[in-house]
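The values are calculated or read from the model by the stated rules, or taken from the named source; none is laboratory data. Keep in mind it's a predicted model, so treat the numbers as computed, not measured. Here the Cβ positions follow ideal geometry from the backbone for every residue, glycine too, while neighbour counts run over all protein chains shown. To get the accessible areas, we keep the full protein, side chains included, count just its heavy atoms, and leave off ligands, DNA and RNA. Shrake-Rupley method; radii C 1.70, N 1.55, O 1.52, S 1.80 Å.
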Amino acid sequence: MNLCGNMRSSEFVALFLPNVETCSSLEYLDICETRFTVQAMAQVLQLMPNLQHLDVSDTDADDDLLKVVSQSNRKLLYLAVGGCVDISNAGIKRVVESCLQLQVVDIAECPFIDDYAFLEANNIKLEIDSERDTIH
């Protein structure tokens, strides 16, 4: 499901909350370039235990949201946080340590993530530039 656009946070939550059964089966969520609040994104992500692909690039996502991801979305294979300026090494590390199937992390234009050695040691493929080129 791709929800990039101009939807408000309240509309985003209202779309998913009545559909908990559908949410639990979703494997793909792309909410890049939206202005949803961290609280709204967290509320919805908690309903998606089978999520495998999450793109929150260029949103207000932060380490608090990644804490929710690490607790609620442990089947994650792909995480895109490119352009999220409030995400740090600690937030990414928490996800990597909890989401044991994670294969790819897009951290392009994330100024506070620089611990590439940790990610590579965990066999995570990195996407680190604006062209989304991989380095591993």
Once normalised by the length of the range 3-110, the mean sequence separation of its alpha carbon contacts under 8 Å that are 6 or more apart gives a contact order in percent of 23 percent
Ordering 62-68, 80-86, 21-27 by per-residue average of other C-beta atoms within 10 angstrom, highest first, gives 80-86, 62-68, 21-27
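Hull surface divided by four, with the convex hull built on the Cα atoms of the chain: how many nm²?
Values: hull surface 27.9 nm².
Answer in nm², one decimal: 7.0.
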Computed from the beta carbon distance with a Förster radius of 35 Å, FRET efficiency for D115 and K75 to the nearest 0.05 stands at 0.90
Highest GNM mean-square fluctuation among L79, L126, L17, for the chain with Cα springs under 10 Å, belongs to L17
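For E97 and D64, calculate 0.36 nm times their separation in residues minus their Cα-Cα distance, and state this gained length in nm to one decimal. Provide the component values of the computation, followed by the final result.
Details: separation 33, 0.36 × 33 = 11.88 nm, distance 1.54 nm.
Gain on stretching E97 to D64: 10.3 nm.
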The alpha-carbon center of the range 87-121 and that of the range 21-36 are separated, in whole Å, by 20 Å
In a Gaussian network model of the chain with springs linking alpha carbons closer than 10 Å, the residue among N19, N122, N50 that fluctuates most is N19
To the nearest 10 degrees, the tilt of helix 89-98 (Cα long axis) against the first principal axis of the alpha carbons of the chain is 70 degrees
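Roughly how many Å² is the accessible area per residue of the chain, as a whole number, for a 1.4 Å probe? Could the numbers behind the result be given before it?
Values: 6740 Å² over 136 residues.
Here the per-residue accessible area is 50 Å².
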